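The values are calculated or read from the model by the stated rules, or taken from the named source; none is laboratory data. Note that the coordinates shown come from a computational prediction; the quantities given were computed from them, not determined experimentally. All Cβ positions, even for glycine, are placed from backbone atoms using ideal geometry, and neighbour counts span all protein chains on display. Just the protein is used for accessible areas: all its heavy atoms, side chains included, with ligands, DNA and RNA removed. Shrake-Rupley method; radii C 1.70, N 1.55, O 1.52, S 1.80 Å.
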Amino acid sequence: MQAAGAVAKLHGNVKSEPDGGGMTRAEVLAWLKEDEAWKLDFLWEDADRVRKERVGDEVHLRGLIELSSYCRRDCHYCGIRGSRKLERYRLSEAEVEECARLGVRLGYGTVVLQAGEDPGLSRERITRHIRFIKTETPLAVTLSLGERSDEELIEWREAGADRYLLRHETSDIALFRRIHPDCGGVPSDRIEFLRKLKRLGYETGSGVMVGIPGQSYESLASDIMLFRELDLEMVGVGPYLAHPDTPLGRDASALALPPGEQVPATDLMTTKVVALTRLVCLDVNIPSTTALATVNNENGRELGLSRGANVWMPNLTPVKYRKLYEIYPGKACVGDTAEACQVCLLRRITSLGRVPGKGPGGRRRGAE
Ligand code: SAM
């Protein structure tokens, strides 16, 4: 196949392998810095073509259940960081089960159990959730619960969890340390965690925030190459959105790079990363994220889906809790019920000539 054909012609200063997955870091970097709209049209076209060839027209729906806003970490950018004073919640087990049932009624193929890194969500409790969902529903289960212990990961996998998401956020070691004061201080720990997830048989997802203060084009190109090296099943990228009640949101001056070196946290830059991830990783599952819809409320979701993405993660969390899971302000769809979101997302998906996915929508390796 000829993935990245036009793309390789424009920025093919270093020879590509015939398959788009052979795109080089130099080419990726050149595209990240490209701002001419007519050239970018080639990138969008190639990413959309490869998306169609490799993963088809289905948009897989993964219902997001935000289990808990408690967090023991203190990430400098995150609105639910542990030391921030805010009202916290943890869904009851019955509420989680009701969310999962709602996901089935709405026709979703997967539920994503996401939370702050909350020790109050015990190993046993998460195991009960997984067992319930796997025995009572046809849904696939994705976990996104932060860096948890080996015993927990093994037990949850044995209970039937299918996937695990943990973004490495940035592969720049110095930047990672500065924004994660209490994460052992190194992205390599997270990268090792991702490798472990793969060894345990989880479909594994990572990703980054685009435009974190201090993020250079070079480090972002390395992130995209790392997605391929890790052979990920899922990659989620969204723009960084400053939260005014966090250290980074209050003052980014110590980290931000000079203009021209700092990656901007825009919808354009985010969709470049989506498109390049599609061209580099080919058959990976890529969501069009809520953060992208937040930075561009009008058509951010559509831009993501037409530039390489094939997943949508509608929110199933009961509306009364949504405001309390405020990782950044102005989150798209925060007040909309899951039923209202359903009408909107089906309209948007079909307007692009795409179809809602059926079934769990796992990675289609090597599909032509
Ligand atoms: N605790 C789990 C973890 O760390 O993976 C899941 C919850 S965490 C809040 C989910 C993601 O939110 C993070 O991986 C991060 O990329 C994103 N996030 C947090 N704060 C953000 C911000 N200010 N702007 C954009 N994304 C943000």
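Residues of the range 128-143 being open to solvent by less than 10 Å² (accessible area, probe 1.4 Å) and out of contact with any helix residue (DSSP H, G or I) (no Cβ under 7 Å at 6 or more places or on another chain), which ones?
If we filter the range 128-143 for residues that are open to solvent by less than 10 Å² (accessible area, probe 1.4 Å), which is where we start, we get 129-130, 133, 139-143.
Across the range 128-143, the qualifying residues are 140, 142.
Suppose we filter the range 144-156 for residues that are open to solvent by less than 20 Å² (accessible area, probe 1.4 Å), more than 14 Å from the ligand (Cβ to nearest atom) and outside any helix (DSSP H, G or I); how many remain? Looking only at that region, the number is 0. State all residues of the range 189-222 that are within 22 Å of residue 141 (Cα to Cα), in contact (Cβ under 8 Å) with a residue 24 or more places away in the chain and either in a helix (DSSP H, G or I) or small (Gly, Ala, Ser) (or both); if no residue qualifies, say none. Within the range 189-222, 190, 191, 193, 194, 195, 196, 197, 198, 201, 205, 206, 207 qualify.
Consider residue 184 carefully, then state whether it is away from the ligand (no atom under 12 Å from the Cβ), modelled with pLDDT under 95 and in a loop (DSSP other than H, G, I, E, B). Considered against the rule, which asks whether it is away from the ligand (no atom under 12 Å from the Cβ), modelled with pLDDT under 95 and in a loop (DSSP other than H, G, I, E, B), residue 184 comes out as yes. Among the listed residues 73, 88, 125, which satisfies the condition of being open to solvent by 20 Å² or more (accessible area, probe 1.4 Å), touching a residue at least 24 places away in the same chain (Cβ under 8 Å) and assigned to a helix (DSSP H, G or I)? Step by step, each of 73, 88, 125 is checked, and only 125 is open to solvent by 20 Å² or more (accessible area, probe 1.4 Å), touching a residue at least 24 places away in the same chain (Cβ under 8 Å) and assigned to a helix (DSSP H, G or I). Taking the criterion of being among the polar types (S, T, N, Q), in contact with a Cys (Cβ under 9 Å, 6 or more places away or on another chain) and in a loop (DSSP other than H, G, I, E, B), the only residue of the range 278-323 that qualifies is 317. Going by the structure shown, is residue 177 open to solvent by 60 Å² or more (accessible area, probe 1.4 Å) and part of a helix (DSSP H, G or I)? Judged against the criteria, residue 177 is a match.
Yes/no matrix, rows are residues, columns are (1) assigned to a loop (DSSP other than H, G, I, E, B); (2) charged (D, E, K, R); (3) surrounded by fewer than 24 Cβ atoms within 10 Å (Cβ to Cβ); (4) without any contact (Cβ under 8 Å) to a residue 40 or more places away in the chain:
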{"residue": "224", "(1), (2), (3), (4)": "no, no, no, no"}
{"residue": "241", "(1), (2), (3), (4)": "yes, no, yes, no"}
{"residue": "253", "(1), (2), (3), (4)": "yes, no, yes, yes"}
{"residue": "264", "(1), (2), (3), (4)": "yes, no, yes, no"}
{"residue": "276", "(1), (2), (3), (4)": "no, no, no, no"}
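Give the residue that is nearest to residue 253 (Cα to Cα), with candidates limited to residues of the range 67-93 that are aliphatic (A, V, I, L, M) and within 19 Å of the chain's Cα centre (by Cα). Quick ask: steps written out before the conclusion?
Quick first cut of the range 67-93, residues aliphatic (A, V, I, L, M) only: 67, 80, 86, 91.
Okay, now just the ones that are also within 19 Å of the chain's Cα centre (by Cα), so 67, 80.
Details: 67: 34, 80: 22 Å.
Only one residue tops the list, namely 80.
Looking at the range 1-69, the helices (runs of 4 or more DSSP H) lying wholly inside it that each contain 1 or more residues that are at pLDDT 95 or above and surrounded by 24 or more Cβ atoms within 10 Å (Cβ to Cβ) sit at 25-33, 37-55.
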